[in-house]
Amino acid sequence: MSSVSVSRRYARALFSLALEEGEHERAGEELEAVAQALRASNEARTVVENPGYTQAQRHALVDVLTQRLSLSPVLASFLRLLVDRHRLAELPAIARAYAEMVDEKVGRIRATVTSAKPMSDEELRRVREALAAATRRSIVLESRTDPKIVGGLVAQVGPKVWDGSIKTQLERLRRELKSGAPS
């Protein structure tokens, strides 16, 4: 079974349990906090990824995370299950799959907007509103900068990409000039 389907299966199990208790958003926040803590700590990441560490050492890591992050009993049990099933290293993928499930449930979608220079809060608000109107869903917007796009914006909402970058417009113009015919 592929890693993606395994991650989705574990995420779905946690989502079902958290949904029954009405704690699906909180569980998602906690799951992301754990994933973030593991990304931030080389030591913790080593315990998770290195096969030389024992189950007891991984359980001890879960206990530390549970205490430091004040995790709910449901999430603490879930993490222990991942340790027991040798799936703790799958946590980042499980967290992503879980976030998608929560977003779907509450009617929101994640989007990324890339600009050549950092955007102001007002510009980001306007982009968020435009994307929300286009998709008819609530938008969680992440902003990135990439000077290579020269100007304009590239917005990605789920699998759909709107590319209004100057770089792409210049590329299109170059192809048209090269072929001798407008497209």
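The values are calculated or read from the model by the stated rules, or taken from the named source; none is laboratory data. Worth saying up front: this structure is predicted, and the values here are computed from it rather than measured. Cβ placement follows ideal geometry from the backbone for every residue including glycine, while neighbour counts extend to all protein chains displayed. Remember, those area values only see protein heavy atoms, side chains included, never the ligands or the DNA or RNA. Shrake-Rupley method; radii C 1.70, N 1.55, O 1.52, S 1.80 Å.
I'd like to verify a number: residues in the range 20-54 that are open to solvent by 60 Å² or more (accessible area, probe 1.4 Å) and either without any contact (Cβ under 8 Å) to a residue 24 or more places away in the chain or in a helix (DSSP H, G or I) (or both), how many?
Residues that pass the stated criteria total 17.
State all residues of the range 1-12 that are open to solvent by 50 Å² or more (accessible area, probe 1.4 Å), among the hydrophobic types (A, V, I, L, M, F, W, C) and either over 14 Å from E100 (Cα atoms) or outside any helix (DSSP H, G or I) (or both); if no residue qualifies, say none.
M1 - this is the single residue of the range 1-12 that is open to solvent by 50 Å² or more (accessible area, probe 1.4 Å), among the hydrophobic types (A, V, I, L, M, F, W, C) and either over 14 Å from E100 (Cα atoms) or outside any helix (DSSP H, G or I) (or both).
Quick test for you: out of K160, K178, pick the one residue that is among the basic types (K, R) and over 25 Å from V106 (Cα atoms). Write out each step before concluding.
Values: K160 fails: over 25 Å from V106 (Cα atoms).
Matching residue, one of K160, K178: K178.
Just the residues that are of a type outside the set (D, E, K, R), surrounded by 12 or more Cβ atoms within 10 Å (Cβ to Cβ) and more than 17 Å from the chain's Cα centre (by Cα), please, taken from the range 146-160. Before you say what the answer is, go through the steps one by one.
Of all residues in the range 146-160, those of a type outside the set (D, E, K, R) come to 147, 149-159.
In the following step, the residues that additionally are surrounded by 12 or more Cβ atoms within 10 Å (Cβ to Cβ) were identified as 149-158.
Correct list: I149, V150, G151, G152, L153, V154.
Could you check, for the range 107-115, whether at least one of its residues is more than 30 Å from A13 (Cβ to Cβ), surrounded by fewer than 12 Cβ atoms within 10 Å (Cβ to Cβ) and not aromatic (F, W, Y)?
No: zero hits.
Please work out if A76 is free of Cβ contacts under 8 Å to residues at least 60 places away in the same chain, touching a helix residue (DSSP H, G or I) at 6+ places or on another chain (Cβ under 7 Å) and among the hydrophobic types (A, V, I, L, M, F, W, C).
Against the criterion (free of Cβ contacts under 8 Å to residues at least 60 places away in the same chain, touching a helix residue (DSSP H, G or I) at 6+ places or on another chain (Cβ under 7 Å) and among the hydrophobic types (A, V, I, L, M, F, W, C)), A76 qualifies.
Select from the range 82-106 the residues that are farther than 15 Å from E30 by Cα, touching a residue at least 24 places away in the same chain (Cβ under 8 Å) and of a type in the set (K, R) and write down the one among them that is least open to solvent (accessible area, probe 1.4 Å).
Per the criteria, the residue is R87.
Name the strands (runs of 3 or more DSSP E) wholly inside the range 131-183 in which the number of residues that are among the acidic types (D, E) is 1 or more. Talk me through it step by step, then tell me what you get.
On the way: elements: 138-145, 153-157, 160-163.
Filter on the range 131-183 gives 138-145, 160-163.
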